[in-house]
């Protein structure tokens, strides 16, 4: 078995069970597993027979969340082709590099991005362009009408190996050019197995997907594991705050993923107080470090189970797990390593394992780890060593085996020879009642080499001085960790997945 069989076998087992509800441009569309699989088959047969897509060819999509993502994701696997979705938040210049790198044979595009696609096509050749949702594109095929005429029978399968690439997902490129993480068939399958076993998902669970499907979190956090288990997915085209709260109630969602910014938006929303979450088994936050004050505020308002997750595109979004009881006593932890996975914490300088309670770089091994980066052997060699993937994230493990993420290895300041992890200092600042958001970056200093510069967003109606915040921090952390400078800003720049874009902050405040 490989992942080309995932939807095929689920449709065989529970053909008439509702698999997905799609909240798109009109009334919600609902699909059984048999209907979802038939669409995937039609897509695979049409791409192969009409557009000549073969094993190893890449197919990309530039669109908001829509049914075509699932049609491609499951359909391409059946013919051994590779799904390479495009991040629509990027500029045409950034996307041109990615398209040039992965060279998709086919690109599907929705109306919002036809201008971006036109700019890309001026720089990079694309064999076939396909129109979604009525997008007007010269020479393009129309997706829905085309697949409607294709056969719904299972396509003939090429020989597939578990290490064959299933998807290429591009990293954010915050430290350079984006890299295409190669997601093999085995990684998708083992992410499903790990998540279902370790998180206790069942066929009775219902989960909404509010996050973009060009990202590993949208594809793999709940969507593929829950469809593997026979549950139900609620997919929205975009993130609409009032709509998301209504959907959680109306569809009786049981397991809900968000990023910290989404949970904060829900917490501040007018409809939050009246929202009924009695059917929710647990909430889980991922994509960026989750502030403990946010967890406490949420639980004070609504109670329930609130967990923090951790993952990367290269190893899957689900790498740790905890029980409901542990989520209470270990607030702030991401949990213990997920079932079929191994973890190490090492000193990046020596490569030696660090003792319990000390901070080290997190290494991950297991069948859910990437093969490396598309056409980038140097980056692959730097990230993978003897089966261990170097995450670049710093973490510590307590005496009970629970892990706590300290932040990126590169998101560290070396001041006077001492390591200062940004996430640790930011956590303390967020505990101050006047601080809504904050981000620590390094600033060159003649004496210390580098010192901390904290950018702070103050809560509406409150105030604080730099001296007050420095004193607050000094009472809780070692003196060398206290930022030497503090500036105030109206807002921080965030990525689509809730991570502060520190490159932009460094450009603005350091140069």
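The values are calculated or read from the model by the stated rules, or taken from the named source; none is laboratory data. Fair warning: this is a prediction, and the values are worked out from it, not measured in the lab. No Cβ is skipped: glycine too gets one built from the backbone with ideal geometry, and neighbour counts run over all protein chains shown.
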Quiz item: Does segment 176-197 contain any residue that is free of Cβ contacts under 8 Å to residues at least 60 places away in the same chain and within 25 Å of residue 67 (Cβ to Cβ)?
Solution: yes
Exercise. Can you confirm whether segment 7-17 contains a residue that is in contact with a helix residue (DSSP H, G or I) (Cβ under 6 Å, 6 or more places away or on another chain), modelled with pLDDT under 95 and in a helix (DSSP H, G or I)?
Key: no
Exercise. State yes or no: is residue 64 surrounded by fewer than 24 Cβ atoms within 10 Å (Cβ to Cβ) and more than 21 Å from the chain's Cα centre (by Cα)?
Key: no
Quiz item: Could you say whether any residue in segment 24-31 is in contact with a strand residue (DSSP E or B) (Cβ under 9 Å, 6 or more places away or on another chain), buried (at least 20 other Cβ atoms within 10 Å of the Cβ), in the same structural domain as residue 185 (by TED's automatic domain parsing) and not in a loop (DSSP other than H, G, I, E, B)?
Solution: no
Quiz item: Taking segment 397-412 on its own, how many of its residues are surrounded by 18 or more Cβ atoms within 10 Å (Cβ to Cβ) and either closer than 20 Å to residue 171 by Cβ or at pLDDT below 95 (or both)?
Solution: 8
Quiz prompt | Residue list for segment 100-148, restricted to those being part of a helix (DSSP H, G or I), farther than 25 Å from residue 45 by Cβ and in contact with a helix residue (DSSP H, G or I) (Cβ under 6 Å, 6 or more places away or on another chain) | solution = 116, 119, 120, 123
Exercise. Name the one entry in 248, 234, 262, 305 that is closer than 23 Å to residue 215 by Cβ, touching a strand residue (DSSP E or B) at 6+ places or on another chain (Cβ under 6 Å), buried (at least 16 other Cβ atoms within 10 Å of the Cβ) and not assigned by TED's automatic domain parsing to the domain that holds residue 184.
Key: 234
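State all residues of segment 32-58 that are in a helix (DSSP H, G or I) and more than 19 Å from residue 81 (Cβ to Cβ); if no residue qualifies, say none.
Those that are in a helix (DSSP H, G or I) and more than 19 Å from residue 81 (Cβ to Cβ): 33, 34, 35.
Going by what's in this entry, would residue 304 be described as at positive phi and at pLDDT below 90?
no
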Practice problem: Consider only pairs whose beta carbons are under 6 Å apart and that are at least six residues apart or on different chains; among these, list those whose first residue lies in segment 385-397 and is on the phi > 0 side of the Ramachandran plot and whose second residue is at pLDDT below 95 and part of a strand (DSSP E or B). | Solution: 392/408
Exercise. Go through the residues of segment 32-48 one by one and say whether even a single one is assigned by TED's automatic domain parsing to the domain that holds residue 168, under 24 Å from the mean Cα position of the chain (by Cα) and surrounded by 24 or more Cβ atoms within 10 Å (Cβ to Cβ).
Key: yes
Exercise. Can you confirm whether segment 270-278 contains a residue that is closer than 29 Å to residue 189 by Cβ and either part of a strand (DSSP E or B) or not assigned by TED's automatic domain parsing to the domain that holds residue 28 (or both)?
Key: no
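Condition check ((1) farther than 27 Å from residue 101 by Cβ; (2) at pLDDT below 95; (3) surrounded by fewer than 17 Cβ atoms within 10 Å (Cβ to Cβ)) across all residues:
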| position | (1), (2), (3) |
| --- | --- |
| 148 | yes, no, yes |
| 152 | yes, no, yes |
| 155 | yes, no, no |
| 169 | no, no, no |
| 178 | no, yes, no |
| 181 | no, no, no |
Exercise. Identify all residues within segment 200-231 that are farther than 22 Å from residue 323 by Cβ, in contact with a strand residue (DSSP E or B) (Cβ under 6 Å, 6 or more places away or on another chain) and outside any helix (DSSP H, G or I); write none if there are none.
Key: 208, 209, 210
Practice problem: Scan 469, 453, 505 and give me the residue that is part of a strand (DSSP E or B) and touching a strand residue (DSSP E or B) at 6+ places or on another chain (Cβ under 6 Å). | Solution: 453
Quiz item: Of the residues 105, 123, which single one is in the same structural domain as residue 81 (by TED's automatic domain parsing) and surrounded by 15 or more Cβ atoms within 10 Å (Cβ to Cβ)?
Solution: 105
